[in-house]
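Trainee: Mind having a look at this structure? Questions to follow.
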């Protein structure tokens, strides 16, 4: 499952934009699809977001899970939403 999560992030960032605006929109579209794909695998209660329990279930190393969870659950409500996921992945792409 962890491999799927990482693959989804990499796949979402795999486009090479021809122009920045179009590239950003295309990347965001891919990231949103990656979140939906991830939900299919992790969202056990089908509420459309990833709970802390669901998130931790995909990581073998709980210390890494804790670090990543804190970074991704930006409003600290106990869930990683699509918007939080998109922002986190887009921010990773900006750091490249």
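Throughout, read-outs are computed from the coordinates displayed, never taken from laboratory work. It should be emphasised that the depicted structure is a prediction, and the values quoted were computed from it without experimental measurement. Methodologically, a virtual Cβ is constructed for each residue, glycine included, from the backbone with ideal geometry; neighbour enumeration extends over all protein chains shown.
Trainee: Whether any residue in segment 29-42 is in contact with a helix residue (DSSP H, G or I) (Cβ under 9 Å, 6 or more places away or on another chain) and not in a helix (DSSP H, G or I) is what I want to check.
Mentor: No, every residue in segment 29-42 fails to be in contact with a helix residue (DSSP H, G or I) (Cβ under 9 Å, 6 or more places away or on another chain) and not in a helix (DSSP H, G or I).
Trainee: Right, something else. Filter segment 56-70 down to the residues that are over 17 Å from residue 87 (Cα atoms), in contact with a helix residue (DSSP H, G or I) (Cβ under 7 Å, 6 or more places away or on another chain) and free of Cβ contacts under 8 Å to residues at least 40 places away in the same chain and list them by number.
Mentor: 56, 62, 65
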